[in-house]
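The values are calculated or read from the model by the stated rules, or taken from the named source; none is laboratory data. All values reported here derive from a predicted model rather than from experimental measurement. Please note: Cβ atoms are built from the backbone with ideal geometry, for glycine as well, and neighbour counts cover all protein chains shown.
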Amino acid sequence: MTDSQERIDWPIELRGVIESLVATLGPNGRWNLAALGLHAGEPVTARTWGRTRTWRNFHEKGQGIVQFLHDPLVFAESALTIQERGSPVHPAANAWVRVAVESVDEGESGETKWEEWELTPIEAAIEDRIVPTTNRGYGAVVEATVAASRLDVSAYDTDELRERLDYFADVVETCGGPRERAAMERIVEHTAWTPEDG
């Protein structure tokens, strides 16, 4: 960044690990939407796991559009299935930031290769200001997508992951609304797990 360039800030306060979605432009001219965990700090970093579309597009394009939203169904579908769109920003996004990405580290965990990226904001917008709420069902959906994405990874204990998924399903049933329940249905559809089979 030169002295003449204005520093762009993240559109939200980042602390800990923030689950987001990222849109990256693929070779077919469509935007792939996938989950991306952001690690707060200076700079903000994220890891891609495996040789995914996001990994490929980060390497080929050097940027992506990170999005923040509160729709559990959109999050679950993007985390567990291939979602391609004609435009980068999902209508459910409350805020987004275009980031430049730079690979800074790589390694292997179990049999899965990972790559770490530094993310630098270059453009940002807030689409919708919302009153913060705490919904345990939404949190359970996010945690369930993480557990579900690890079911076929040899470094993780499958029985333990299934127990976690059963617990998260109970939380969603008790504390979630229609979108959270629909999101759990998508998780069942797209994994080898069904509730209470662990």
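Points worth noting:
- Of all residues in the range 169-180, those satisfying the criterion of being part of a helix (DSSP H, G or I) and in contact with a Gly (Cβ under 9 Å, 6 or more places away or on another chain) are VAL171, VAL172, GLU173, THR174, CYS175, ARG179, GLU180.
- Tally, over the range 140-166, of residues that are exposed (fewer than 15 other Cβ atoms within 10 Å of the Cβ) and assigned to a helix (DSSP H, G or I): 3
- Residue list for the range 147-198, restricted to those being at pLDDT 90 or above and among the small types (Gly, Ala, Ser): ALA147, ALA148, ALA169, GLY176, GLY177, ALA182, ALA183
- HIS90 being under 13 Å from SER20 (Cβ atoms), surrounded by fewer than 17 Cβ atoms within 10 Å (Cβ to Cβ) and touching a residue at least 24 places away in the same chain (Cβ under 8 Å): no
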